[in-house]
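Chemist: The structure is given below, and queries will be raised subsequently.
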Amino acid sequence: MTTLRLSFDRIRKQLASIARHPYFGFLAFGSILVVLRLLAIGGVIPNSLMKSLVITMIYAIIALGFSLLLGYGGLASLGTAGFVGLGTYFIGHFSGTLGYPFAATLLISLLGAIVLGAIVGFISLRIEGMYLAIITLGLSEILREVFKSFTAFTNGVNGLGFRDFALFGLPVSDTAVDFIVIFVFILIILGTLNIIKSPTGRALLAMKNSDSAAQSMGIGLMKYRLLAFILATIYAVIGGLLYMMDQQFSIPTTWSLDFSLNILAAVVVGGAQSITGIILGTFMIFGLNMTVLKEIAFFREYPDATWIVSGLLIILITMFYPGGLIRLIQAIRFWLVKTGKKLKRKWRIHRYGEDD
Amino acid sequence: MAKMIDSLLQGFRLHRLNRLRDQRSFLENYLPILVKAIRDREARRTALWNERAEAALRGPAILADIATPALAAEKQAALAKIEERYRWRFKALAQSKKRALERSADPAVETTFAHRAEELESRKRQTLTKCALRFETPLERSQSDLAAAKEAYRLKSEAVQAKAEKRLTLEKAKADRSVAAKTASYESKIALLGNKIEAVRGVLIARRSADADSMMPEDVLLSVRNLSMRFGGLLAVDNLSFDVRKGEIFGLIGPNGAGKTTIFNCITRFYRATAGEMLYRKNAVEVIRLNDYPVHDIIRQGIVRTFQNVELVWELSILDNLLVAAHTVYRTGFFGQLFHTPKLRREEEVMRAKAFSVLNTLGLLPYAFAIPYGLPYGILKKIELARTLMAHPRLIILDEPAAGLNDKETEELAVLIKKIRDDYHATIFLVEHDMGLVMDVCDTICAISFGKKLALGTPAEIQADKLVRSAYLGEES
């Protein structure tokens with residue numbers, strides 16, 4: 001009997017230590033997503049809901065890259081849309097039109113991302129703050145014009161379609177793409193977690209806080225600014241690849257300032273340094289109208305009104321929780337604990353009297 | 001040509017020496033952590049075996065009426081728990097009685113509650129007896145049964161003890177073996193590295209060109225020569241020269257705007273000096289010109305600085321702030337960090353151990369996991385000081401360490417600065433306005449005014465110097 005209890009204790013302790021591991025929450029989240037996808041196959045939840053969750057995950061990947069830039073590096077950029085668009089055209093052109101194998105496309109995309117990120121990184125060494133944002137915005141607009149006019153690569157304003165995607169010679173169905181997105185999403189989350197908990201993440205934060213202190217501690221501005229931009233660009237390009245696999249269509253008008261601003265809003269609203277916060281923020285900006293609001297009759301009649309709700313939520317959250325949604329959640333948790341304690345105390349006084 | 005090849009070779013040897021030293025210091029620092037982990041595991045497993053042995057004996061002990069001390073304690077605890085539970089119940093009863101009396105002054109209430117209290121009392125007595133019985137021999141057992149049970153218990157307890165002891169000795173032997181093996185292998189590696197280091201050092205010293213010594217005497221660590229710094233029309237530092245010797249505490253004083261911080265910024269390469277050069281003895285064979293190094297490479301030469309206004313990473317805990325300062329000591333590359341390889345984890349453990357030891361030296365341990373926001377200014381200053389100790393400093397440059405501190409904190413700081421110099425074998429170069437502190441800790445002082453040198457000497461000499469007195473007090477001599 002007692003031996004049994006002892007072994008239960010041990011198992012519980014071990015489970016608790018596993019649950020405390022930083023990966024655990026995200027892996028559990030990933031498993032829930034997989035289960036949801038399986039439920040969608042079974043017809044328990046609507047397929048359209050799953051579709052909006054998948055596209056939200058793709059946006060969350062892009063937002064995570066942006067958070068490394070803004071939340072950790074302290075560098076503002078409005079060029080995200082251009083980079084994501086580039087990713088979609090990379091896969092659309094090389095894998096779709098030219099029929100290259102996926103590995104080659106991935107390699108080309110990563111190289112492209114590194115080169116582009118390095119260029120922007122070099123610019124960021126000279127120009128900072130708002131001006132950097134404007135320059136990256138300009139770069140993004142240049143890319144958009146290129147998407148419009150460079151028709152051999154992008155099929156111009158008509159948009160580029162992408163069908164019959166094959167991975168290692170095997171055709172990939174829509175369902176499989178969803179699983180790929182979930183898998184890549186979780187991988188990216190874990191990678192980001194590793195980076196921000198390592199010397200690199202701390203170096204980026206140090207650079208954000210004070211250039212001079214960072215330099216005096218041996219953190220070269222050039223190396224880490226380039227790194228931040230290259231990482232953000234790689235995330236954006238990977239987001240673009242997944243977007244093309246999922247949506248199978250890319251058109252230059254998508255990759256406008258709106259998109260970059262939405263990503264910026266998602267990161268700021270979510271809480272620029274917390275992965276959980278960013279996922280929540282992305283869901284609020286992109287996923288909310290696609291999943292929840294669409295079910296309400298009023299919004300079905302006036303679909304554009306969903307943007308009003310998003311706008312209001314952004315205003316409210318930035319007004320009352322400048323640290324982002326993650327602060328709101330912390331505040332709620334704190335409030336729950338506090339209220340619980342208060343209620344318990346009240347009950348004790350009621351039951352046992354004032355003293356003791 | 002031959003000279004060039006020679007210097008190139010020397011450069012390779014230096015690089016190799018540094019790498020070997022890094023490896024050795026990593027091994028030396030990691031060994032205690034490893035041993036501690038093995039011992040912790042042993043302690044955990046020992047505790048587990050003990051717990052199991054105790055659990056195996058508990059059942060029979062109750063049966064055989066053998067009051068082991070552990071059992072007696074358990075019984076006491078169980079009884080106390082019941083007492084406590086009933087104490088609360090009585091309190092609750094008293095409270096509801098009070099409320100009932102407030103509602104109506106009926107004498108029947110009193111009697112009801114007296115009745116309920118009696119009931120509760122009797123229930124408590126029952127529970128206590130029941131609980132005590134759980135720990136005592138059932139009375140109907142015959143003497144012979146009891147004797148047999150006792151004998152069986154004795155046998156079982158011996159068996160369990162023997163088994164537990166065997167397990168424990170096994171565990172201990174295993175841990176000892178493991179510790180011995182690790183220690184031996186690490187020590188042999190360290191010794192091997194030591195031999196290599198000695199060999200490389202020997203060659204380095206033997207091949208050392210006379211250049212280094214001709215540039216700078218052996219005992220000088222930093223030599224500033226004819227340094228000038230001009231901002232537009234303002235000559236902030238004017239043809240200044242001084243030497244900082246190894247192992248001393250060197251103070252730079254001067255009235256406000258004398259150019260003290262400018263000199264620091266020139267040495268740490270935040271400013272490009274207009275003229276003059278700064279020579280620094282990096283090691284026994286190498287004297288480098290600091291003018292040739294970018295600002296983020298200065299720390300790699302062993303020069304660490306603090307800032308006049310505290311510059312911490314406000315989002316990170318104090319411990320992580322210290323780890324940021326150890327940035328140059330990490331050897332894991334980006335991909336190692338991306339995948340959190342075991343190498344990175346080991347390095348992090350070593351760094352954390354080092355950070356804790358530094359925090360301990362400075363008395364900052366209680367703040368290790370705190371965020372710097374809202375901590376008192378004296379603590380923040382100390383954290384800046386702690387940060388300088390993380391990256392193997394040889395020269396620590398302190399920019400007004402006592403600014404904003406009260407008298408008591410300044411006294412502590414003086415002790416601390418001396419302690420750092422002695423414990424970490426570092427040379428300290430400081431700028432300070434607090435004359436008490438400067439005169440107390442410094443071995444040599446350089447006084448400047450408007451970028452020009454006024455005097456250089458021991459504290460006593462500086463105090464007696466006429467030029468210094470007039471610069472500070474405006475005295476007419």
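Chemist: Net charge around A:Ala81, counting only other residues with Cβ within less than 15 Å of its Cβ (Lys, Arg = +1; Asp, Glu = -1)? Intermediate values should be presented prior to the final figure.
Modeler: Working: positive: A:Arg144, A:Lys148; negative: A:Glu141, A:Glu145, A:Asp258.
Its environment carries a net charge of -1.
Chemist: Pick from A:Gly239, A:Gly43, A:Gly121 the residue whose mean-square fluctuation is largest in a GNM of chain A, springs joining Cα atoms under 10 Å.
Modeler: A:Gly43
Chemist: Take the alpha-carbon centre of the stretch B:150-173, take the same for the stretch A:131-204, and report the distance between them in whole Å.
Modeler: 64
Chemist: Nearest 10 degrees is fine. How inclined is helix A:22-42 to the longest principal axis of chain A, computing both from alpha carbons?
Modeler: That works out to roughly 70 degrees.
Chemist: Between B:Asn195 and B:Arg208, what is the spin-label point distance in nm, taking each point 7 Å from the Cα along the Cα→C-beta axis?
Modeler: So the label points at B:Asn195 and B:Arg208 sit 2.5 nm apart.
Chemist: Below 20 Å, Cα to Cα, which aspartates and glutamates can B:Lys182 reach? Residues fewer than 8 away in the same chain don't count.
Modeler: B:Asp22, B:Glu28, B:Asp40, B:Glu42, B:Glu171, B:Glu347, B:Glu348, B:Glu349
Chemist: Taking R0 as 30 Å, what FRET efficiency do you get between B:Thr341 and A:Phe320 from their Cβ-Cβ distance, rounded to the nearest 0.05?
Modeler: 0.10
Chemist: Moving on to the next point. Once the piece of chain linking B:Ser185 and B:His425 is laid out straight, how much longer is it, given 0.36 nm per residue of separation minus the C-alpha distance between them?
Modeler: Values: separation 240, 0.36 × 240 = 86.40 nm, distance 2.92 nm.
Net length gain for the segment: 83.5 nm.
Chemist: Still on this structure, I have one more. What percent of all Cα-Cα pairs in chain A falls into each 20 Å bin, going from 0 up to the bin containing the maximum distance?
Modeler: 26, 54, 17, 3, 0
Chemist: Could you put B:Trp49, B:Trp88, A:Trp347 in order, starting from the residue whose Cβ has the fewest other Cβ atoms within 10 Å? Walk me through the numbers on the way to the answer.
Modeler: Numbers: B:Trp49 18, B:Trp88 13, A:Trp347 10.
Ranking B:Trp49, B:Trp88, A:Trp347 by Cβ neighbours within 10 Å, fewest first, gives A:Trp347, B:Trp88, B:Trp49.
Chemist: Given R₀ = 51 Å, what would the calculated FRET efficiency be for B:Ala72 paired with A:Val35, taking r from the Cβ atoms and rounding to 0.05? Show your work: numbers first, answer last.
Modeler: Values: r = 53 Å, r/R0 = 1.03.
Once rounded, the FRET efficiency stands at 0.45.
Chemist: With label points built 7 Å along Cα→Cβ from the Cα atoms of B:Ala368 and A:Ile296, find their separation and express it in nm.
Modeler: Output for this residue pair reads 5.0 nm.
Chemist: Rounded to whole Å, give me the distance from the Cα center of the stretch B:309-359 to that of the stretch A:303-330.
Modeler: The stretch B:309-359 and the stretch A:303-330 have Cα centres spaced 35 Å from each other.
Chemist: Let me ask something else about it. Treating cross-link reach as a plain straight distance, find the lysines whose alpha-carbon is under 22 Å from the alpha-carbon of B:Lys91, omitting any fewer than eight places away in the same chain.
Modeler: A:Lys341, A:Lys342, A:Lys344, A:Lys346, B:Lys81, B:Lys124
Chemist: Sticking with this one: Compute a Gaussian network model of chain A, connecting alpha carbons closer than 10 Å, and tell me which residue from A:Leu107, A:Leu70, A:Leu193 fluctuates the most.
Modeler: A:Leu107
Chemist: Follow-up question, since we're still on this one. Subtracting the Cα-Cα distance from 0.36 nm times the residue separation, let me have the gained length for A:Phe249 to A:Ser173 in nm, one decimal.
Modeler: Numbers: separation 76, 0.36 × 76 = 27.36 nm, distance 1.54 nm.
Contour length minus Cα-Cα distance gives 25.8 nm.
Chemist: To the nearest 20 debye, what is the magnitude of the charge dipole of the stretch B:219-473 about its Cα centre, counting +1 on the Cβ of each Lys and Arg and -1 on the Cβ of each Asp and Glu?
Modeler: For the stretch B:219-473, the charge dipole is close to 680 debye.
Chemist: What is the distance, in nm, between label points placed 7 Å from the Cα along the Cα-to-Cβ direction at A:Leu313 and at B:Glu218?
Modeler: 7.3
Chemist: Would you mind checking the pairs B:Lys354/B:Lys382; A:Lys51/A:Lys208; B:Lys196/B:Lys418; B:Lys381/B:Lys419 and listing those with alpha carbons more than 26 angstrom apart?
Modeler: A:Lys51/A:Lys208; B:Lys196/B:Lys418
Chemist: So what's the angle, to the nearest 10 degrees on a 0 to 90 scale, between helix B:377-388 and the longest Cα principal axis of chain B?
Modeler: 70
Chemist: Mind checking the full-extension length gain between B:Arg103 and B:Ala275? Use 0.36 nm per residue of separation minus the Cα-Cα distance, one decimal, nm.
Modeler: Values: separation 172, 0.36 × 172 = 61.92 nm, distance 9.40 nm.
Full extension of this stretch gives 52.5 nm more.
Chemist: Follow-up question, since we're still on this one. For each of A:Ser198, A:Ser310, count neighbouring Cβ atoms within 10 Å of the residue's Cβ, then give the residues from fewest to most. Working shown, then result.
Modeler: Numbers: A:Ser198 22, A:Ser310 18.
With the fewest neighbours first, A:Ser198, A:Ser310 line up as A:Ser310, A:Ser198.
Chemist: How charged is the neighbourhood of B:Ile445? Take every other residue with its Cβ under 14 Å from the Cβ of B:Ile445, and add Lys/Arg as +1 and Asp/Glu as -1.
Modeler: -4
Chemist: Pairing the Cα long axis of helix A:221-247 with the longest principal axis of chain A, what angle in degrees results, from 0 to 90 and rounded to the nearest 10?
Modeler: Computed tilt is about 80 degrees.
Each value in this text was obtained by applying a stated rule to the coordinates, not by laboratory testing. These figures come from a predicted structure and were not determined experimentally. Please note: Cβ atoms are built from the backbone with ideal geometry, for glycine as well, and neighbour counts cover all protein chains shown.
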